[in-house]
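S.K.: If you scroll down you'll find the structure; I have some questions about it.
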Amino acid sequence: MTAAQPHDASRSLLGYMQQLRYSLWQAIEGAKDNILGMVAIEAADDVEIMGPEEHRVEQLKHRDSLSSLTDRSSDLWKTLRIWAGIARNPTFDITGVQFRLITTGTVPDGSVGALLSGTSRDPHQAWKKLKQIASETNLTNQKAYDAFSQLSQPLQQQLVSQIEIIAESPDIYEVRQKIHASLALGFPRQHLETFASNLEGWWFNLCISKLSDERDRFIRFDQLDAQIQSLRDEFSEDNLPISDKIANMTAPTVRYQNHDFVEQLRFIKVSESRIERAINNYLRAFNQRSAWQRDNLLLYRELEKYGIALKEEWNIYFDQLQDSLGVGATEEAKLSAARNLYNWAEGATAPVIRDRCTAPFVVRGSLQILAHEHEIGWHPEFAEKLLELLTTRDGAVK
């Protein structure tokens, strides 16, 4: 591998991430003006935006601030080659379409980029320069020169008149701040970063799924609006946001074989598939609770109170278990009663940590966390069995 390849790969990845983030920003802003709009990634171009009164085709160039869009730059001519192909397509009417080349770099004074930028636009002069350059021979740009030259003169002029070049546009990090600003009104500032991250994660996943849909790559603005409203709702005082990534976490069960909540399940001899389910609930609840605390959405004292509420609920079922067994119960009877108790825990949906935060894995995984901390158990003699287990471990260490 050459030294240039890792750099090229990282630049390509950064450019792709810029497409996703930029499209989200534009969709948020577009939805404010017209909820009937929609946006697509990699449809007619990098980003395509359509609405009742607009149609934009946009090419994004994420470059360093010293990069310059010169008249013969490959960034300019690769874009023109794509747009010439669109203009030639008989199924695509370019009338009224805005073609926008958006670069984080600069445009030199007097260049084609400058002639198609800002308030001092001169599309006719820009077309004359492009036509002259396209008559030249250039190994790098030749296919683009040919594609532009093959358009009829009226079509060339129409296309160029509808091009806007936007230089020194926000880079991928600055677009993130733009998204924050777009979402900030009426939202608690201390939770804005988490809110934006959750929205961005949903958007990225949706864009990826759309990229594999050859029939319809567009995301409707009203779909985005509904998701924003739903996420805002999760940050209310009686709710907490659930991370899709965390909610779908799985882990190799071998990593947790020596965890005490798993040992407690082995005490009552449940199946491996149930142990695997318990491990996943533990993993998800542990990570989600940690994320809430890290994002200052949940205080440690609230977690303590939730643990007390869960233990009180468990106590009801555990006391019933002990009463049903009575004195002198056989081990087989104890295991049967313990598995019945665990049936409740495995399907528990209450108590919830907040009234409207009802994800089952939070309840079930939090019960596993308490079992791991020896606060609760399933076998009638779980405390004695845990003590024996710890004694055995201590002896093995010595």
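S.K.: Can you pull out every residue in the stretch 203-220 that is assigned to a loop (DSSP other than H, G, I, E, B) and surrounded by 13 or more Cβ atoms within 10 Å (Cβ to Cβ)? Step through it out loud before you land on a result.
M.R.: Quick first cut of the stretch 203-220, residues assigned to a loop (DSSP other than H, G, I, E, B) only: 212-217.
Passing the criteria: only R217.
S.K.: I'd like the full set of residues that are aliphatic (A, V, I, L, M) and part of a helix (DSSP H, G or I), limited to the stretch 271-315.
M.R.: Step one: filter the stretch 271-315 for residues aliphatic (A, V, I, L, M), giving 275, 278-279, 283, 285, 291, 297-299, 303, 308-310.
Of everything in the stretch 271-315, those that are aliphatic (A, V, I, L, M) and part of a helix (DSSP H, G or I) turn out to be I275, A278, I279, L283, A285, A291, L303, I308, A309, L310.
S.K.: Is there any pair with a first residue in the stretch 324-347 that is within 20 Å of V262 (Cα to Cα) and modelled with pLDDT of 95 or more and a second that is outside any loop (DSSP other than H, G, I, E, B) and of a type in the set (F, W, Y) whose Cβ atoms are under 6 Å apart and which are 6 or more apart or on different chains, and what are they?
M.R.: Pairs that qualify, where the first residue is within 20 Å of V262 (Cα to Cα) and modelled with pLDDT of 95 or more and the partner is outside any loop (DSSP other than H, G, I, E, B) and of a type in the set (F, W, Y), are L341/Y317; W344/Y317.
S.K.: Also: Restricting to the stretch 239-255, what's the tally of residues that are of a type in the set (S, T, N, Q) and either more than 20 Å from the chain's Cα centre (by Cα) or surrounded by 11 or more Cβ atoms within 10 Å (Cβ to Cβ) (or both)? Explain how you work it out, then say what you get.
M.R.: So the first thing to find is which residues in the stretch 239-255 are of a type in the set (S, T, N, Q), and the list is 239, 243, 248, 250, 253.
Adding the requirement that they be either more than 20 Å from the chain's Cα centre (by Cα) or surrounded by 11 or more Cβ atoms within 10 Å (Cβ to Cβ) (or both) leaves 239, 243, 253.
Looking only at that region, the number is 3.
S.K.: In a helix (DSSP H, G or I), modelled with pLDDT of 95 or more and not β-branched (V, I, T): which single residue out of G365, G377 fits that description?
M.R.: Working: G377 fails: in a helix (DSSP H, G or I).
Matching residue, one of G365, G377: G365.
S.K.: Separate question: Could you tell me how many of the residues in the stretch 337-361 are of a type in the set (A, V, I, L, M, F, W, C), part of a helix (DSSP H, G or I) and closer than 18 Å to N287 by Cβ?
M.R.: Looking only at the stretch 337-361, we keep the residues that are of a type in the set (A, V, I, L, M, F, W, C), and these are 337-338, 341, 344-345, 348, 350, 352-353, 357, 359, 361.
From what is left, the residues that are part of a helix (DSSP H, G or I) are 337-338, 341, 344-345, 361.
Checking the rest, the ones that are also closer than 18 Å to N287 by Cβ come to 361.
Counting residues in the stretch 337-361 that are of a type in the set (A, V, I, L, M, F, W, C), part of a helix (DSSP H, G or I) and closer than 18 Å to N287 by Cβ gives 1.
S.K.: Looking at A40, A87, which one is of a type in the set (G, A, S), assigned by TED's automatic domain parsing to the domain that holds L155, in contact with a Lys or Arg (Cβ under 7 Å, 6 or more places away or on another chain) and crowded, with 17+ Cβ neighbours inside 10 Å? Write out each step before concluding.
M.R.: Numbers: A87 fails: in contact with a Lys or Arg (Cβ under 7 Å, 6 or more places away or on another chain).
One residue alone meets the criteria, A40.
S.K.: Specify which of the listed residues (E272, E304) is surrounded by fewer than 16 Cβ atoms within 10 Å (Cβ to Cβ), over 19 Å from E373 (Cβ atoms) and of a type outside the set (S, T, Y).
M.R.: On the way: E304 fails: over 19 Å from E373 (Cβ atoms).
When all the criteria are applied, what remains is E272.
S.K.: Could you grab me the full set of residues in the stretch 275-301 that are more than 21 Å from the chain's Cα centre (by Cα), of a type in the set (A, V, I, L, M) and surrounded by 15 or more Cβ atoms within 10 Å (Cβ to Cβ)?
M.R.: Listed by number, the residues that qualify are I275, A278, I279, L298.
S.K.: Additional query: For the stretch 197-220, does any single residue satisfy the condition of being more than 15 Å from A27 (Cα to Cα), in contact with a His (Cβ under 9 Å, 6 or more places away or on another chain), among the aliphatic types (A, V, I, L, M) and in the same structural domain as T119 (by TED's automatic domain parsing)?
M.R.: no
S.K.: Can you name every one of the helices (runs of 4 or more DSSP H) wholly within the stretch 221-270 that holds 2 or more residues which are free of Cβ contacts under 8 Å to residues at least 12 places away in the same chain, outside the structural domain of I369 (by TED's automatic domain parsing) and not basic (K, R)?
M.R.: Details: elements: 221-234, 244-247, 260-267.
In the stretch 221-270, 221-234 are the helices (runs of 4 or more DSSP H) which contain 2 or more residues that are free of Cβ contacts under 8 Å to residues at least 12 places away in the same chain, outside the structural domain of I369 (by TED's automatic domain parsing) and not basic (K, R).
S.K.: Provide a single number: the residues in the stretch 120-168 that are surrounded by 18 or more Cβ atoms within 10 Å (Cβ to Cβ) and among the small types (G, A, S).
M.R.: Count: 5.
S.K.: Residues that are in contact (Cβ under 8 Å) with a residue 24 or more places away in the chain and over 24 Å from S67 (Cα atoms): find the helices (runs of 4 or more DSSP H) completely inside the stretch 96-165 holding 3 or more of those.
M.R.: In the stretch 96-165, 153-161 are the helices (runs of 4 or more DSSP H) which contain 3 or more residues that are in contact (Cβ under 8 Å) with a residue 24 or more places away in the chain and over 24 Å from S67 (Cα atoms).
The values are calculated or read from the model by the stated rules, or taken from the named source; none is laboratory data. Every value quoted in this text rests on a predicted model; they were computed, and no experiment measured them. Heads up, the Cβs are rebuilt from the backbone with ideal geometry, glycines too, and the neighbour counts pull from every protein chain shown.
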